[in-house]
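Chemist: If you scroll down you'll find the structure; I have some questions about it.
The values are calculated or read from the model by the stated rules, or taken from the named source; none is laboratory data. Quick caveat: nothing in here was measured; it's all calculated off a predicted structure. With ideal geometry, Cβ positions are generated from the backbone for all residues, glycine too; neighbour counts draw on all protein chains shown.
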Amino acid sequence: MNDRIVFEDVSKFYGEILGVNRVNLSIPAGITSLVGPNGSGKTTLMNLMTGLVKPTRGRVQVLGYKTDDPENLFRILGYSTQFDAFPKGLTGFQFLYSYLRLSGRDSQEAERMAWRAIERVNLVDAAKRNVAAYSKGMRQRIRLALALAHDPKVLVLDEPLNGLDPLARSEMIALFRATAEQGCYVIISSHILHEVDVISDQVILLSNGYVVAEGQISTVRGEIQEHPTQILIRCTRPRELATKMLEDEHTLEVTIHKDEKGLLLKTRDADGFYLALNQLALNGNGIEIESIAPADDDVLSVYEYLIGNEEVVR
Amino acid sequence: MTTGTSRLATKVWWAQIKAVIRLEMRKTFFAKRGLWIYIVALLPVLLFMAYALATSGQQRQRASVARRGEKPLAYQDLLAVKPGMTTEEVIAILGKPPVNFHWAENRPLRPGVTENVLREDYHYSDGQDDLFVGLVNGKVESVNLQNGSNPGLDSIMFAGVFQFFFLRLAIFFGCLGIFMNLFRGEILDRSLHFYFLAPIRREVLMAGKFLAGLLATCTIFVTSEVLQTIAFLWHFPPSAREVYLYHNHGLEHAAVYVGVTVLACVGYGAFFLVAGMLFRNPIIPTAVILIWEAINPFLPAVLKQFSVIYYLKSLCPVDIPSAPGTPPFLALLISNSDPVSAPVAVLGIVIVALIALYASSVQVRRMEINYTTE
């Protein structure tokens, strides 16, 4: 599987403390978010992916490269860690330049690539200042620049939006999107669920070192049988629609919206429900349906259903 | 791997090693926590400078005594004076004393009986050495010839300082401070991941760090060694320096000391590099290596070979003689009872260092970034 990031029955224990246990994953291109509360195993999974820690059991491969082969792995992978320490006495530019020289690049190429990465994260003005004097947001950006500097195919970003102001956050999200659209693999860890919801193509939900669910958010949501799917319909004459929908076997519960311009329905079979709704609309009984949208088809809901509401930020 | 690919890989590795060295040199030379290494390296230089200052004072005094003498004296003239000679005989050989004291004193002959005698002290010098002649009632009673400093004699003192302070303490602890921190320091600073996230083989990184440490320690301690030699020779007259350097193997000795210094940095550096990876607390490996090196003379021949000092002592150009009456335990520490030839010694250190570096390369591949447990 040279086009995937693969975890095969991977466990990591720190002495007697569990990092992650029995993880099996196959991560495709696009933006994949690792979601879970603090201590759920997000960083451990990223450190395993980058070879910074070794699995106690199992095997990890990144696009066919072994994680104990840094010489080849880090030619295709960039990792923005959460570690907030830098080699002493370096400016932002020197930090990137030294890294690129460590990669074996010559002086001119390293300089050109360092400046390009600095421009990508909007840090040109501060590039000649010592990293030790950077604000938290600037340090976050220079770490992102380090991960991006050598144009990696795989970007692993541990809480990349921490410490960034709203403008910088949206810039970074756009950058991740653009990178993913080029066919890259962007792995992001976050405990801020609404951000994950906006940017992710797929999610991996973690809790206490275990992968609880993985895949596209809608697929994951569909697999959660114990919580009915909620669908919000904006329409005219919502009470009439509610009556008709309750006659359908797929509808479990209907609540009229406070503004009397819509209703919230619960169903265990979303596909069957949509079919019945289409039928109703085609019959032309004077009800105008403006919009239909899943109300709990997002990471936040999925996370709440699967894990509960521990330490995650909405 | 084809020859072309292999050549390219070697080129990249070398470029990476140079990049590591550049980063490490900045940290090693300008780190505040490494300031004590400069002080330790400078201590023997200060010692020799102080000795040179003290000796030059004595030298000036001798020259002044020699100048004030009735005639220029040679060392042989000073040796000619023997106890029992008369004042006239002494003056016939050495001339009138440039410095003399005389006084009368009562000397006990037997209990209750004393004799009044005339005592005289004559002080002669040939410019290098002092002769003190004690006379009683016109006859030489005591002769005290004090040799002034000369490079040949002082080279034994130099060898003592080199072997017992510079090698065993200054270079030992200097290497501890520099090599132990190459990995351990960055784990404590939580910045080691910077290297581990680069596309560089861990072994290449280790080699780069070792060479950076070696370059730093060699620069510091070879500079110290050269300054020590200059301070050691500085106060001698140019003629004495020339004789020592060009006719008494002085230059050769200086070169050997520099070589031994470099080899000590290689050997101890490799030891402390691996120790820094294996141990969280530097005190334990330091104590173990220090004790191991100290007990080396008492170890069986097979075990002796696994130490750095065993080979370094064999390479030192000047033997330190044990003073008569030195306890056998101390004499064993001072002398090198079982020296090996220079090529074997050099090879021995290189092999010991390579074994330590191999252990380091195994360890560096196993290393994980897990700062929270440090």
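Listed here are the residues, each with its yes/no results for (1) among the basic types (Lys, Arg); (2) away from chain A (no Cβ under 11 Å); (3) under 24 Å from the mean Cα position of the chain (by Cα); (4) outside any helix (DSSP H, G or I).
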position: B:Thr5; (1), (2), (3), (4): no, yes, no, no
position: B:Leu8; (1), (2), (3), (4): no, no, no, no
position: B:Ile17; (1), (2), (3), (4): no, no, no, no
position: B:Val20; (1), (2), (3), (4): no, no, no, no
position: B:Leu23; (1), (2), (3), (4): no, no, no, no
position: B:Lys27; (1), (2), (3), (4): yes, no, no, no
position: B:Gly34; (1), (2), (3), (4): no, yes, yes, no
position: B:Tyr38; (1), (2), (3), (4): no, yes, yes, no
position: B:Pro44; (1), (2), (3), (4): no, yes, yes, no
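Chemist: If you don't mind, there's one more thing I want to ask. Within segment B:37-51, is there a residue that is buried (at least 16 other Cβ atoms within 10 Å of the Cβ), at pLDDT below 90 and in contact with a Ser or Thr (Cβ under 8 Å, 6 or more places away or on another chain)?
Modeler: Checked against the condition, which is being buried (at least 16 other Cβ atoms within 10 Å of the Cβ), at pLDDT below 90 and in contact with a Ser or Thr (Cβ under 8 Å, 6 or more places away or on another chain), segment B:37-51 yields no hits at all.
Chemist: Continuing with this model, one more query. Quick one: would you say B:Asp121 is under 30 Å from B:Ala52 (Cα atoms), out of contact with any Lys or Arg (no Cβ under 7 Å at 6 or more places or on another chain), outside any strand (DSSP E or B) and not polar (S, T, N, Q)?
Modeler: Here the answer is no, as B:Asp121 does not meet what is asked.
Chemist: Considering only segment A:113-204, give the helices (runs of 4 or more DSSP H) lying wholly within it that have at least 2 residues that are touching a Pro at 6+ places or on another chain (Cβ under 9 Å).
Modeler: Per the criteria, A:136-148, A:166-181.
Chemist: Within segment A:226-263, track down each residue that is out of contact with any helix residue (DSSP H, G or I) (no Cβ under 8 Å at 6 or more places or on another chain), within 15 Å of A:Leu280 (Cα to Cα) and among the aliphatic types (A, V, I, L, M).
Modeler: Selection gives A:Ala242, A:Leu246.
Here's the yes/no breakdown for (1) farther than 22 Å from B:Ile200 by Cα; (2) crowded, with 24+ Cβ neighbours inside 10 Å:
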residue: A:Tyr14; (1), (2): yes, no
residue: A:Ile27; (1), (2): yes, no
residue: A:Ser40; (1), (2): yes, yes
residue: A:Met46; (1), (2): no, no
residue: A:Gly64; (1), (2): no, no
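Chemist: Need a quick list: strands (runs of 3 or more DSSP E) entirely within segment A:1-96 having at least 3 residues that are over 30 Å from A:Ala126 (Cβ atoms) and either more than 15 Å from the chain's Cα centre (by Cα) or touching a residue at least 24 places away in the same chain (Cβ under 8 Å) (or both).
Modeler: Once the strands (runs of 3 or more DSSP E) in segment A:1-96 are filtered for at least 3 residues that are over 30 Å from A:Ala126 (Cβ atoms) and either more than 15 Å from the chain's Cα centre (by Cα) or touching a residue at least 24 places away in the same chain (Cβ under 8 Å) (or both), what remains is A:5-14, A:17-27, A:30-35, A:57-62.
Chemist: Kindly list, by first and then second residue, each pair from a residue in segment B:241-263 that is more than 23 Å from B:Val308 (Cβ to Cβ) to a residue that is surrounded by fewer than 16 Cβ atoms within 10 Å (Cβ to Cβ) and of a type outside the set (A, V, I, L, M), limited to pairs with Cβ atoms under 7 Å and residues at least 6 apart or on different chains.
Modeler: Going by the 7 Å Cβ cut-off, the qualifying pairs are B:Tyr244/B:Gly152; B:Asn248/B:Gly152.
Chemist: Here's another thing I want to ask about it. With the requirement that a residue be within 11 Å of chain B (Cβ to nearest Cβ), of a type in the set (Lys, Arg) and in a helix (DSSP H, G or I), what does segment A:98-112 give you?
Modeler: A:Arg101
Chemist: Is there any pair with a first residue in segment B:177-196 that is within 13 Å of another protein chain (Cβ to nearest Cβ) and on the phi > 0 side of the Ramachandran plot and a second that is of a type in the set (Ser, Thr, Tyr) and surrounded by fewer than 20 Cβ atoms within 10 Å (Cβ to Cβ) whose Cβ atoms are under 9 Å apart and which are 6 or more apart or on different chains, and what are they?
Modeler: Listed pairs, sorted by first residue: B:Arg190/B:Tyr371.
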